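The numbers here are math on the coordinates, done by the rules we state, and not lab data. All of these numbers come straight from a predicted model, not from anything done at the bench. Counting neighbours? That spans all protein chains shown, and the Cβs are built from the backbone with ideal geometry, glycine included.
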Amino acid sequence: MTALKTQLGNISIANGYNTDIGTTVDEWHVASYDVDDLPVIEVRDSDSSAEEDMNNVLSNKNLDIAIVVYNSVSSAAATNARLYIEDVLKAISTDLTLGGNTDDINEGISSIDAAQESDIILAATVNISAKYQVNKWSD
């Protein structure tokens, strides 16, 4: 996750992206975000699956990861959300091995949503699946 967070942290206009959303990248943030702290990228690993290789020595694993960009809602919310998704995908594409930690990354479903607590918060989500091999019965 460190390599992924580093890649996402590079998202800035100065680095050739559309936005500056890479300033804050959190992993499994469990509290609500204050609107003054936005934008924020949150990374959450969720489901993991494994299957044995033919020699019964290695496990081929898939790790599902959700990358969510939170920001306050503005008049250009939908346009901005699409730019956030584009920037996240571009950052991931700079190294599909995540620093040599994965064999490949597959893009999943992207979505845009909004939620209201005290303020309306926009959430642009990119789902990916990281594929890698490990010795059987290890992480």
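Some points to look at:
- Sorted fewest first by neighbouring Cβ atoms within 10 angstrom, I128, I92 come out as I92, I128.
- Using C-alpha pairs under 8 Å with a sequence gap of at least 6, the mean separation divided by the residue count of the chain gives a relative contact order of 25 percent.
- Value of [θ]222 nm, deg cm²/dmol, for the chain, DSSP H segments ≥ 4, -39500 (n - 2.57) each, nearest 500: -5500 deg cm²/dmol
- Under 17 Å from the Cα of K61 - aspartates and glutamates, other chains or at least 8 residues apart: D45, D47, E51, E52, D53, D103, D104, E107, D139
- Among V126, V40, the ranking by other beta carbons within 10 Å of each residue's beta carbon, starting with the fewest, stands as V40, V126.
- Taking the C-alpha atoms only, the angle from helix 77-93 to the longest principal axis of the chain is near 30 degrees.
- Packing-based ranking of 101-112, 11-22 yields 11-22, 101-112, ordered from highest to lowest mean Cβ neighbour count within 10 Å.
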